[in-house]
Amino acid sequence: MAWKTLDDLDLEGKVALVRVDINVPVEDGRVTDTTRIDKIVPTVKDILAKGGKPVLLAHFGRPKGKIVPEMSLKPLVPALAEAFGVPVHFAEDCIGGPAKRAVAALPEGEVLLLENTRFHEGEEKNDRELAAAMGALGSVYINDAFSAAHRAHASTEALAHVLPCAAGRLMEAELKALEAALGEPERPVTAVVGGAKVSTKLDLLGNLVSKVDNLVIGGGMANTFLVAQGIDVGKSLAERDMADTALEILEKAKAAGCTIILPADVVVAREFKANAESETVAADACPEDAMILDAGPEAVAQIVKAFEGSRTLIWNGPLGAFEIAPFDAATNAAAAKAAELTAEGRLISVAGGGDTVAALNKAGAAETFSYISTAGGAFLEWMEGKTLPGVAALGA
């Protein structure tokens, strides 16, 4: 689908309402991780350079439509000012008198942050009246919060129907990366899907088998597929009641010409703790008193071979219990190879999801990937083939 970007808007002298995701960790009144703030800097600076006045709309926490002082956005002002390099003002509400007065008083070259949109009950209800009240503050609407685009809220969906709208730089980058990975990708395409449970990623697996050439299944999910094939996995984490569903996914993949890659060998241990005594065995030879905690070297070699024969890689979820050594080995090795192929220009690599970002950072591979999405739910829903309300509204 087509959507406008900042390049398509005349912002000179105009108030630009910018929906951002700055739901950052705060301790003792100070921001402890500025990653999400850093990501919106290009959009804010571009608006300023075009002579526009950026007015930021954002949620924070889950106040459920009530004013919760601990969930005010005000403590974020110093971190925002430092990131943007210009003064940042604050309004005690995102609509009405306080917001209108703050917008009217905003000097050129400076930024305004409005109070938590979720202090209003209508935000999560996608209330049209609330969106109209927000829209009355500005001339254009820019959505730069892909991570909130899977929610149809007043500030992410309804507002796009009130004002001329466009995607911000972060939203634009996310959409381009995802379109390159799943829309019209360079083939062959390999997807890595890991994590604990098949049940949480059914839609994802069902969508991917019809769109990718190879599907690597790792983590606890792989155990469920092994169980479905009649393999004893000992005390391993597995959803035994999902065996029939796993078989259905295998059949669907076969019909679609998608190769499913399950671990040929596994790393097992008797206890789940750092540096626990472990051994590598064939996938069908897990001892009764042991649990599978990682993919083995033969499995990694198979995954690496798939990467080397691919042009596009989509990654969501670790291959093992990556949080603790030595069960991070498979994830680290596969991630390192993906990064190497990306650096050589042989692979377009896109990854997303909370555990995924943490695992790739831990492996030291994240910076080399073509694109790392910081969006959790929105990234997953896009991979599942679902329409994201906040994205669809931009093309309306």
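Here are some notes:
- Only one of Glu367, Glu384 that is of a type outside the set (Gly, Ala, Ser) and open to solvent by 50 Å² or more (accessible area, probe 1.4 Å): Glu367
- Strands (runs of 3 or more DSSP E) contained entirely in segment 261-326, each with at least 1 residues that are of a type in the set (Ser, Thr, Tyr) and under 27 Å from Thr374 (Cβ atoms): 312-316
- Any hit, segment 328-338, residues being open to solvent by 10 Å² or more (accessible area, probe 1.4 Å) and more than 23 Å from Ala276 (Cα to Cα): yes
- 2 or more residues open to solvent by less than 20 Å² (accessible area, probe 1.4 Å) and closer than 21 Å to Phe146 by Cβ: qualifying strands (runs of 3 or more DSSP E) within segment 24-125: 53-57, 111-114
- Pairs with Cβ under 8 Å, 6+ apart, first in segment 61-88 and under 18 Å from Gly109 (Cβ atoms), second assigned to a loop (DSSP other than H, G, I, E, B) and open to solvent by less than 30 Å² (accessible area, probe 1.4 Å): Leu80/Ile22
- From the options Ala222, Ala180, Ala173, residue that is in contact (Cβ under 8 Å) with a residue 60 or more places away in the chain and crowded, with 22+ Cβ neighbours inside 10 Å: Ala222
- Residue within segment 145-158 that is over 23 Å from Trp382 (Cβ atoms) and either of a type in the set (Val, Ile, Thr) or buried (at least 20 other Cβ atoms within 10 Å of the Cβ) (or both) present: no
- Inclusion of Val26 among residues that are modelled with pLDDT under 95, farther than 23 Å from Ala173 by Cβ and aliphatic (A, V, I, L, M) is warranted.
- For segment 306-334, filtered to residues that are touching a helix residue (DSSP H, G or I) at 6+ places or on another chain (Cβ under 7 Å) and aromatic (Phe, Trp, Tyr), the residue that is nearest to Asn214 (Cα to Cα) is Phe307.
- So Glu12, is it under 17 Å from Ala166 (Cβ atoms), open to solvent by 70 Å² or more (accessible area, probe 1.4 Å), in a loop (DSSP other than H, G, I, E, B) and without any contact (Cβ under 8 Å) to a residue 60 or more places away in the chain: yes
- When residues of segment 350-389 are limited to those that are small (Gly, Ala, Ser) and touching a His at 6+ places or on another chain (Cβ under 7 Å), the one farthest from Ala167 (Cα to Cα): Gly377
Residue-by-condition table, conditions (1) of a type outside the set (Ser, Thr, Tyr); (2) more than 13 Å from Gly320 (Cα to Cα); (3) modelled with pLDDT of 95 or more; (4) open to solvent by less than 40 Å² (accessible area, probe 1.4 Å):
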site	(1), (2), (3), (4)
Gly195	yes, no, no, yes
Leu204	yes, yes, no, yes
Val233	yes, yes, yes, yes
Cys258	yes, yes, yes, yes
Ala282	yes, yes, yes, no
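- The residue list Leu341, Leu247 contains one member that is open to solvent by 40 Å² or more (accessible area, probe 1.4 Å) and outside any strand (DSSP E or B), which is Leu247.
- Residue in segment 215-244 that is farthest from Ala333 (Cα to Cα), counting only those that are in a helix (DSSP H, G or I) and β-branched (Val, Ile, Thr): Val227
The values are calculated or read from the model by the stated rules, or taken from the named source; none is laboratory data. As the structure is a computational prediction, the values presented were derived from the model and not from experiment. Quick reminder, even Gly has a Cβ in these numbers, built from the backbone with ideal geometry, and neighbours come from all protein chains shown. Protein only, heavy atoms only, side chains kept; ligands, DNA and RNA dropped before computing areas. Shrake-Rupley method; radii C 1.70, N 1.55, O 1.52, S 1.80 Å.
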